[in-house]
Amino acid sequence: MNVVLPDGKQLELPQGATARDAAQAIGPGLAKAAIGAIVDGDLYDLLKPLPEGASGAKIKILTEKDPEYQPLFRHTLAHVMAQAVRELYAERGFKPEDVKLAIGPVIENGFYYDIDAPTPLREEDLPLIEERMRRIVADDLPLQRFVLPREEALKRFEGVDPYKTELIRDLPEGEEISFYKQGDERYGFTDLCRGPHVPSTGRIPPHFKLTSLAGAYWRGDSSRPMLQRIYGIAFRTKEELEHYLWQQEEAKKRDHRKLGAELDLFTISEEVGKGLPLWLPKGAFIRRQLEQYMYEKELEHGYDHVITPHIANSKLYYTSGHLPYYKDDMYAPIEIEGEEYYLKPMNCPHHHMIYKARLKSYRDLPLRLAEFGTVYRFELSGTLSGLARVRGFTQNDAHIYCSKSQVKDEFIRVIQLFDEVYKDFGISDYWFRLSLPDFENNPAKFGEPGPHWDEAIAAIRAALEETGAQYVEGIGEATFYGPKLDVQLRTVLGKEESIATNQLDFISGTRFSLEFTNEKGERETPVIIHRAIMGSFDRFFAFYLEHTAGNFPLWLSPVQAVIVPIADRHLGYAQQIAAQMRQNKLRVEIDDRSERMNAKIRDAELQKIPLILVVGDKEAESGTVNLRERHAKEQRTLPVGELIAQMHKRVQERK
RNA sequence: GCCGGUGUAGCUCAGCGGUAGAGCACUCGAUUCGUAAUCGAGCGGUCGUCGGUUCAAAUCCGACCACCGGCUCCA
């Protein structure tokens, strides 16, 4: 067969040749330096034969200088770790096969392996495992790849490792079943593996570290065994590893739970209940600002605001179809006068009843009902986290009732509203995820495919295309009543998170017998768009707090400025300008503690107050303030009136 | 909910079988100072909870609770 090198040269190779053979054919120097290859865009190792019929394939030999080879050593490290764990247990008197192995893939910055060990792994085992790993790397065990027929492959694992057995059984017929072996039977490790790997363990850069031990269900299914997952990170260079660790440290400083405590924004009290946050005055102020902002935005965009109670009769949720399917995710019912009431887990049914309260004409549509609706959901205790995952939260909720022909335009308006709002908050790195139904694997949830699904999906796709929004698609995450459009972003810790969600609903209209009279005088059922721009105020606030590291812009800062009098004799002047600023609706505090100015400035900086106003003799005489901006060393002096005008301008511009 | 880890003063942490400690914060006093921590004194803890072992438990053991890292879930 023929392969094409990056410089366009053709290379003739025998059938079954590997990338190693290709490198050798090019030259002995390259053969020595080679560590992997890119073949038609796919990462290959030196051990696996190039794809059959690869004639004309473009091949690029990788050396340690090419960052693309990173997954190779991360993958091999997972194997090295598995070997190390087996060695550790062998030392503790177990047989190697007592340590059962599930999967060990490459992930974003490293790798993990899911392990079923005879005794639980403990955190203190990690350094022991890491030490053995370093030795295996130093011993430079060569890797080999071999293929077995399905029967023989199964024979290796049957009755020994149920996980590998299941993996092989689930491989599609005709799929090649390959193994990678490092070292030998006496000192080494063999694993069922698709590859690719580095050619020997000595080629793994020593810049790795085991980071954590965690539980993980076999195949992510909570009804199956809980395995132990060891996470590791690995990089090509020491600098990359150190940079990553530094980044993680920095990110931890921005954790909204930490900042929430440091800046007196919110607290969670065990006595109130877990997942039920308490907003302290400063946090509550910002939350109110967010609500006020959204309230005005929604007015501009043609929404009507409604208010509904926090609980509802169980009948409402039978009508909606949420009971009994979501009963386990709701707070237990309250029995009153022989009837059951639930804390509301969502606002839609209440809004549907508002729609229904008066007869509707096509002239009323689209009808956009919005509410900052507080809902309660019984989330699993292990998932709760600060304000980002709670059991009681307030949604920036709205339901848009419209005709089928209006769906696309309404979705466009929703997407545009996202753009507008997120831009105002300086959030630019977000994308949409269109979640589609999975009829094949979950017919109970999604029912039958049909034109309503097709039309709904087509309308959302059209809206996304027309607005040019960035989006990805995912199968199986739709709701039972329609496709879902989530808004995704990345937290400071690099994790992808859904910040908001929108759903198209062609079922509730029927379930609740919602109607409108169309142009022809006929009764028609509206389609409903569930939309939440900020998602929940709680989670949005958590994200935004991390995004800004607590450096809120002036319009959102609970305290916009702190006045620092240099000595007590300047207190009168400080009070005078504070009064003047407050009359102009500015939020200002005076630091009148018996502290040195340096201490006051330091504390104001730590509290991330946007403006520090130092006043001393010079300022009092001239009616000015000395302004020091947050995190800026330089200062300027300006008249109080001008300061007020500048602050107003910034508040206006939301800067 | 499940797996692993952690719970000592409001916060950050030391102490890890023999009478509970430090810094910061707070209160009081002194200081009145020009751009990131002035000095001194005082207040403050049934060491997460309950039970066990021991002459003696913050310290060892068990159960529970909360939190952290994951898994799972997210209408």
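The values are calculated or read from the model by the stated rules, or taken from the named source; none is laboratory data. None of these values were measured; they are calculated from a predicted model. All Cβ positions, even for glycine, are placed from backbone atoms using ideal geometry, and neighbour counts span all protein chains on display. All accessible areas refer to the heavy atoms of the entire protein, side chains included, with ligands and DNA or RNA removed. Shrake-Rupley method; radii C 1.70, N 1.55, O 1.52, S 1.80 Å.
Go through region A:312-383 and tell me which strands (runs of 3 or more DSSP E), entirely inside it, have 2 or more residues that are within 16 Å of RNA strand B (Cβ to nearest atom), of a type in the set (Ser, Thr, Tyr) and farther than 17 Å from residue A:528 by Cα.
Numbers: elements: A:334-336, A:339-343, A:367-376.
The qualifying strands (runs of 3 or more DSSP E) are A:339-343, A:367-376.
Being open to solvent by less than 20 Å² (accessible area, probe 1.4 Å) and without any contact (Cβ under 8 Å) to a residue 12 or more places away in the chain is the filter here, so list the residues in region A:335-354 that pass it.
none
In this structure, does residue A:118 turn out to be in contact with a His (Cβ under 9 Å, 6 or more places away or on another chain) and either free of Cβ contacts under 8 Å to residues at least 40 places away in the same chain or near RNA strand B (Cβ under 10 Å from one of its atoms) (or both)? Give the steps one after another, and end with the answer.
Numbers: in contact with a His (Cβ under 9 Å, 6 or more places away or on another chain): no; either free of Cβ contacts under 8 Å to residues at least 40 places away in the same chain or near RNA strand B (Cβ under 10 Å from one of its atoms) (or both): yes.
In short, no.
When you scan region A:190-207, do you find a residue that is farther than 23 Å from residue A:37 by Cα, touching a His at 6+ places or on another chain (Cβ under 9 Å) and either modelled with pLDDT under 95 or not charged (D, E, K, R) (or both), even just one?
Taking region A:190-207 and keeping what is farther than 23 Å from residue A:37 by Cα, we get none.
Taking every residue of region A:190-207 in turn, none turns out to be farther than 23 Å from residue A:37 by Cα, touching a His at 6+ places or on another chain (Cβ under 9 Å) and either modelled with pLDDT under 95 or not charged (D, E, K, R) (or both).
Going through region A:276-308 one residue at a time, which ones are under 30 Å from residue A:609 (Cβ atoms) and among the aliphatic types (A, V, I, L, M)? Walk me through it before giving the result.
The first filter runs over region A:276-308 and keeps only residues under 30 Å from residue A:609 (Cβ atoms), leaving A:276-297.
A:276, A:278, A:280, A:284, A:286, A:290, A:294, listed by residue number.
Considering only region A:355-380, how many residues are open to solvent by 60 Å² or more (accessible area, probe 1.4 Å) and in contact (Cβ under 8 Å) with a residue 12 or more places away in the chain?
6
Test residue A:94 against the criterion of being assigned by TED's automatic domain parsing to the domain that holds residue A:204, of a type in the set (A, V, I, L, M, F, W, C), crowded, with 21+ Cβ neighbours inside 10 Å and not in a helix (DSSP H, G or I), and give yes or no. So that I can check it myself, show each step before the final result.
Numbers: assigned by TED's automatic domain parsing to the domain that holds residue A:204: yes; of a type in the set (A, V, I, L, M, F, W, C): yes; crowded, with 21+ Cβ neighbours inside 10 Å: no; not in a helix (DSSP H, G or I): yes.
No: the conditions fail for residue A:94.
Among the listed residues A:124, A:131, A:152, identify the single one that is loosely packed, with under 14 Cβ neighbours inside 10 Å and within 13 Å of RNA strand B (Cβ to nearest atom).
Working: A:131 fails: within 13 Å of RNA strand B (Cβ to nearest atom); A:152 fails: within 13 Å of RNA strand B (Cβ to nearest atom).
On inspection, the qualifying residue turns out to be A:124.
Considering A:383, A:394, A:374, which residue is closer than 24 Å to residue A:354 by Cα, of a type in the set (Val, Ile, Thr) and within 21 Å of the chain's Cα centre (by Cα)?
On the way: A:383 fails: closer than 24 Å to residue A:354 by Cα; A:374 fails: within 21 Å of the chain's Cα centre (by Cα).
When all the criteria are applied, what remains is A:394.
Of the conditions (1) within 22 Å of residue A:401 (Cα to Cα); (2) assigned by TED's automatic domain parsing to the domain that holds residue A:445; (3) touching a residue at least 40 places away in the same chain (Cβ under 8 Å), residue A:329 satisfies every one except a single condition; which number is it?
For residue A:329, the failing item is (1).
Only one of A:235, A:208 is in contact with a Pro (Cβ under 9 Å, 6 or more places away or on another chain), more than 16 Å from RNA strand B (Cβ to nearest atom) and either among the polar types (S, T, N, Q) or under 24 Å from residue A:73 (Cα atoms) (or both); which? Even if it seems obvious, please write down each step before you answer.
On the way: A:208 fails: in contact with a Pro (Cβ under 9 Å, 6 or more places away or on another chain).
Only one candidate qualifies: A:235.
Restricting to region A:486-520, count the residues that are β-branched (Val, Ile, Thr) and either at pLDDT below 90 or assigned to a loop (DSSP other than H, G, I, E, B) (or both).
Here the count works out to 3.
Looking at region A:203-230, which of the residues that are touching a helix residue (DSSP H, G or I) at 6+ places or on another chain (Cβ under 7 Å) and farther than 30 Å from residue A:66 by Cβ is surrounded by the fewest Cβ atoms within 10 Å (Cβ to Cβ)?
A:224
Find the residue count for region A:257-266, including only residues that are part of a helix (DSSP H, G or I) and over 20 Å from the mean Cα position of the chain (by Cα).
2
Would you check which residues across region A:376-400 are modelled with pLDDT of 95 or more and β-branched (Val, Ile, Thr) and list them?
Once the filter is applied, which keeps residues that are modelled with pLDDT of 95 or more and β-branched (Val, Ile, Thr), region A:376-400 yields A:394, A:400.
Would you confirm whether or not region A:98-109 contains a residue that is out of contact with any strand residue (DSSP E or B) (no Cβ under 7 Å at 6 or more places or on another chain), assigned to a strand (DSSP E or B), buried (at least 18 other Cβ atoms within 10 Å of the Cβ) and modelled with pLDDT of 90 or more?
Taking every residue of region A:98-109 in turn, at least one turns out to be out of contact with any strand residue (DSSP E or B) (no Cβ under 7 Å at 6 or more places or on another chain), assigned to a strand (DSSP E or B), buried (at least 18 other Cβ atoms within 10 Å of the Cβ) and modelled with pLDDT of 90 or more.
List pairs: first residue in region A:223-248 and more than 29 Å from residue A:546 (Cβ to Cβ) and in contact (Cβ under 8 Å) with a residue 24 or more places away in the chain, second residue outside any strand (DSSP E or B) and within 16 Å of RNA strand B (Cβ to nearest atom) anywhere in the structure, Cβ distance under 6 angstrom, at least six positions apart or on different chains.
Between residues of region A:223-248 that are more than 29 Å from residue A:546 (Cβ to Cβ) and in contact (Cβ under 8 Å) with a residue 24 or more places away in the chain and residues that are outside any strand (DSSP E or B) and within 16 Å of RNA strand B (Cβ to nearest atom), the close pairs are A:225/A:218; A:227/A:102; A:227/A:218; A:228/A:121.
Could you grab me the full set of residues in region A:139-163 that are part of a helix (DSSP H, G or I) and over 34 Å from the mean Cα position of the chain (by Cα)?
Start the filter on region A:139-163 by keeping residues that are part of a helix (DSSP H, G or I), which leaves A:150-157, A:162-163.
Those that are part of a helix (DSSP H, G or I) and over 34 Å from the mean Cα position of the chain (by Cα): A:150, A:151, A:152, A:153, A:154, A:155, A:156, A:157.
In region A:238-258, how many residues are within 13 Å of RNA strand B (Cβ to nearest atom), among the acidic types (Asp, Glu) and surrounded by 14 or more Cβ atoms within 10 Å (Cβ to Cβ)? Don't jump to the end; show me each part of the working.
Filtering region A:238-258 down to residues within 13 Å of RNA strand B (Cβ to nearest atom) leaves A:248-249, A:251-258.
Of the ones still in play, those that are also among the acidic types (Asp, Glu) are A:249, A:255.
Within this subset, residues satisfying the condition of being surrounded by 14 or more Cβ atoms within 10 Å (Cβ to Cβ) are A:255.
Going through region A:238-258 one residue at a time, the tally reaches 1.
Between a first residue in region A:133-159 that is over 30 Å from residue A:32 (Cβ atoms) and a second residue that is open to solvent by 80 Å² or more (accessible area, probe 1.4 Å), which pairs have beta carbons less than 8 Å apart while being 6 or more apart in sequence or on different chains?
Going by the 8 Å Cβ cut-off, the qualifying pairs are A:148/A:156; A:154/A:169.
For region A:259-281, name all the residues that are within 14 Å of residue A:551 (Cβ to Cβ) and either open to solvent by 40 Å² or more (accessible area, probe 1.4 Å) or among the aromatic types (Phe, Trp, Tyr) (or both). If you could, list the steps in order and put the result at the bottom.
Applying the first criterion (within 14 Å of residue A:551 (Cβ to Cβ)) to region A:259-281 yields A:259, A:262-263, A:265.
Of everything in region A:259-281, just one residue is within 14 Å of residue A:551 (Cβ to Cβ) and either open to solvent by 40 Å² or more (accessible area, probe 1.4 Å) or among the aromatic types (Phe, Trp, Tyr) (or both), namely A:262.
Are there strands (runs of 3 or more DSSP E) fully within region A:28-75 with at least 3 residues that are without any contact (Cβ under 8 Å) to a residue 60 or more places away in the chain and open to solvent by 10 Å² or more (accessible area, probe 1.4 Å)? List them. Don't jump to the end; show me each part of the working.
Working: elements: A:34-39, A:42-44, A:57-63.
Fully inside region A:28-75 and qualifying: A:57-63.
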